[in-house]
Amino acid sequence: MLVHRPGQVVALDTTVLPVMVREGVFGDPVRCHLSLALDVHTHSLCAFRLTLVSDTSVDIAMLLRDVVMPLPMRPDWGEDLEWPYPGMPAAIVAEFAGHKVAGLPFFTPETVTTDHGSVYRNHALVESQRVLGCNILPARVLAPGPTRLPASGHSG
């Protein structure tokens, strides 16, 4: 699959971070997992989640939710952090979201690609992607994911 534009394909993946963290002051050290949603065309980070011990399909569904939901502005953030939407007044975006929206794009990806981990094949996650209207494209086994066309639009 060739990727021509932003939002066409979002890759979801999780990695175990090489650090141990404590759940509380006296808690035992546990592994921390970083789950990312990455726009394949721009290589932009759309959303991320940190989970302790391991990730679950619910964590990945919440990661996908973060991609499609606008981030609310915090009271102590300045106007520079508000997201500008070209061609759409900020008041309309705020009315849609129910709050001023911070500088992180939100959209529904056309296609979601993942590896073959069990959390990505879970029925509930697949169903949530279907409800959002996303195509599901599992990566080929032992092969890289979709490729982005060069800026000129010509391959090779």
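The values are calculated or read from the model by the stated rules, or taken from the named source; none is laboratory data. What you are looking at is a predicted structure, and each value in this text was computed from that prediction instead of being measured. Note: ideal-geometry Cβ built from the backbone for every residue, glycine included; neighbour counts use all protein chains shown. Ligands, DNA and RNA are stripped out before the accessible areas are found, and what is left, the full protein with its side chains, is counted by its heavy atoms. Shrake-Rupley method; radii C 1.70, N 1.55, O 1.52, S 1.80 Å.
If you scan the range 100-114, which residues turn out to be open to solvent by less than 40 Å² (accessible area, probe 1.4 Å) and closer than 16 Å to residue 79 by Cα?
Within the range 100-114, 101, 102 meet the criteria.
So which residues in the range 87-135 are assigned to a helix (DSSP H, G or I), among the basic types (Lys, Arg) and either touching a helix residue (DSSP H, G or I) at 6+ places or on another chain (Cβ under 6 Å) or closer than 19 Å to residue 35 by Cα (or both), if there are any at all?
Residue satisfying the conditions is 121 alone.
Restricting to the range 110-156, and then to whatever is modelled with pLDDT under 85 and among the hydroxyl-bearing types (Ser, Thr, Tyr), can you tell me which residue is nearest to residue 42 (Cα to Cα)?
Residue satisfying both the conditions and the ranking: 147.
Matching residues to (1) crowded, with 18+ Cβ neighbours inside 10 Å; (2) farther than 19 Å from residue 131 by Cβ; (3) of a type in the set (Lys, Arg):
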residue	(1), (2), (3)
3	yes, yes, no
23	no, yes, no
31	no, yes, yes
34	no, yes, no
40	yes, yes, no
52	no, yes, no
60	yes, no, no
63	yes, no, no
72	no, yes, no
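Under the condition of being touching a residue at least 60 places away in the same chain (Cβ under 8 Å) and outside any loop (DSSP other than H, G, I, E, B), which residue from the range 49-64 is nearest to the chain's Cα centre (by Cα)?
So, considering only residues that are touching a residue at least 60 places away in the same chain (Cβ under 8 Å) and outside any loop (DSSP other than H, G, I, E, B), the one nearest to the chain's Cα centre (by Cα) is 64.
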